[in-house]
1. Within the set of pairs 6+ apart or on separate chains, which have a first residue in segment 211-223 that is at pLDDT below 95, a second that is of a type in the set (Lys, Arg), and C-beta atoms under 8 Å apart?
2. Keeping to segment 164-180, report how many residues are closer than 12 Å to residue 210 by Cα, in a strand (DSSP E or B) and not β-branched (Val, Ile, Thr).
3. Can you tell me which of 264, 244 is within 25 Å of the chain's Cα centre (by Cα) and either closer than 24 Å to residue 334 by Cβ or surrounded by fewer than 16 Cβ atoms within 10 Å (Cβ to Cβ) (or both)?
4. Consider residue 238 carefully, then state whether it is on the phi < 0 side of the Ramachandran plot, modelled with pLDDT of 95 or more and in contact with an Asp or Glu (Cβ under 9 Å, 6 or more places away or on another chain).
5. Is it the case that some residue within segment 273-288 is over 30 Å from residue 148 (Cα atoms), surrounded by fewer than 18 Cβ atoms within 10 Å (Cβ to Cβ) and of a type in the set (Ser, Thr, Tyr)?
6. Considering only segment 201-209, I want to know if a residue exists there that is more than 24 Å from the chain's Cα centre (by Cα), among the hydrophobic types (A, V, I, L, M, F, W, C) and modelled with pLDDT of 95 or more.
7. Using the structure shown, decide if residue 162 is assigned by TED's automatic domain parsing to the domain that holds residue 181, more than 22 Å from residue 69 (Cβ to Cβ), out of contact with any strand residue (DSSP E or B) (no Cβ under 7 Å at 6 or more places or on another chain) and among the aliphatic types (A, V, I, L, M).
8. Please go through segment 190-229 and pick out each residue that is among the basic types (Lys, Arg) and either part of a loop (DSSP other than H, G, I, E, B) or farther than 30 Å from residue 375 by Cα (or both).
Amino acid sequence: MDFAYDARTEELRAKLLAFMDEHVHPAEAVAEEQRARLASPWDTPPVVEELKAEARRQGLWNLFLPDGEYGAGLTNLQYAPLAEITGRSPHLAPTALNCAAPDTGNMEVLAQFGDEAQKKQWLEPLLAGEIRSAFAMTEPEVASSDATNIETRIRRDGDSYVVDGRKWYISGAMNPDCRIFIVMGKTDPDGPDVRRRQSMILVPRDAPGVEVRRAMRVYGYEDHSHGGHAEVVFDGVRVPASNIIGEEGGGFAIAQARLGPGRIHHCMRLIGMAERAVELMCRRAVSRTAFGKTLAQQGVVQNWIADARVTIEQLRLLVLKTAWLMDTVGNQGAHTEIQAIKIATPRAVVDIIDKAVQAHGAGGVSQDFPLAELWTAARTLKLADGPDEVHQRSLARRELKKYL
């Protein structure tokens, strides 16, 4: 594995770093001010659309999608340092570049498994940033860490499918620009193969029977930047049979294909979040005095900073190795490493941000610094795309198998 960035990556890194300094970071406060004046807190602040237009003008658009026909055609290894940069402003930069979840995963699903009509109707406007989307998988009544538990029913009825079920923490669903759900449910609930019972289907947000019931908070936050996390009820929702993605029974496999890139994208951005936390911690440490010395002269704070730097460098190398393996041997060949980064990165970054919060005192938990929001996002990723314990269980089984 070559640790040097290639020429294209270096070019895009330089452009993206400048874009962040000149446009994204100055827009963070502007977006908050504009949101306070919007008719609905879920509406998109005008500055976000300005950022999207500028990012597209500069060629910083759809960088996440390795498919050259639809995206930038970057490898995972090329995209990793770019996603890290966007992680420094995780609630604004990914959206500005049309690289924000859950749209990224949904676009990957449609590009890989959608038919031509589905791509025309839904993928193309998503790629253009004209609409948003949501991925409806998690349910409140079952342990959704085990996707075979899902109870939402997708029943064939003539030339249609009828969808019934209740989902929650459906990211993006509160955004008024959200036009389409990818819904996972069971088409064959009693089938002999528990991993062939599920299917995925496209459900327009305005279809009769779709009720976006309420926004779910995350540690008290309503995540306006990502379009919220909603509870959604599907009550007898009828859609054409052509809305099924791939084939009946293919939902579990599609979910696994979707989650692999999603997991590494989260970890890439988490490293950027950690870098910003360390930067804020260092700036605070040299500017604040306690007990006759600056915080930077206090041994405990020095230890926090040193440990954070060591941890970030370790995580970055593991993420880059994983990206390289995904490019060279595929997602299955990188399965161990994908699980390893999903376990290690959120856990470590939560601790780094927590130390930065501590260095800021009361300011660390306030709205005057981004640390509380960064901590919330990082802590949530110990659950999103599979909780740590599920990945630990699977990874341990793979290790033990060598000795059985």
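1. So the pair list comes out as 219/379.
2. The initial filter retains those residues of segment 164-180 that are closer than 12 Å to residue 210 by Cα, namely 164-167, 173, 179-180.
From what is left, the residues that are in a strand (DSSP E or B) are 164-167, 179-180.
When the remaining residues are screened for being not β-branched (Val, Ile, Thr), the result is 164-167, 179.
Residues meeting the conditions: 5.
3. On the way: 244 fails: either closer than 24 Å to residue 334 by Cβ or surrounded by fewer than 16 Cβ atoms within 10 Å (Cβ to Cβ) (or both).
It is 264.
4. Numbers: on the phi < 0 side of the Ramachandran plot: yes; modelled with pLDDT of 95 or more: yes; in contact with an Asp or Glu (Cβ under 9 Å, 6 or more places away or on another chain): yes.
So residue 238 passes the test.
5. Yes, segment 273-288 contains a residue that is over 30 Å from residue 148 (Cα atoms), surrounded by fewer than 18 Cβ atoms within 10 Å (Cβ to Cβ) and of a type in the set (Ser, Thr, Tyr).
6. yes
7. Working: assigned by TED's automatic domain parsing to the domain that holds residue 181: yes; more than 22 Å from residue 69 (Cβ to Cβ): yes; out of contact with any strand residue (DSSP E or B) (no Cβ under 7 Å at 6 or more places or on another chain): no; among the aliphatic types (A, V, I, L, M): yes.
So residue 162 does not fit the description; no.
8. Initial filter on segment 190-229 (among the basic types (Lys, Arg)): 195-197, 205, 213-214, 217.
195, 196, 197, 205, 217, listed by residue number.
The values are calculated or read from the model by the stated rules, or taken from the named source; none is laboratory data. Since the model is a prediction, treat every value here as computed from it, not as a measurement. Every residue, glycine as well, gets a Cβ built from its backbone with ideal geometry; the counts of neighbours run over all protein chains shown.
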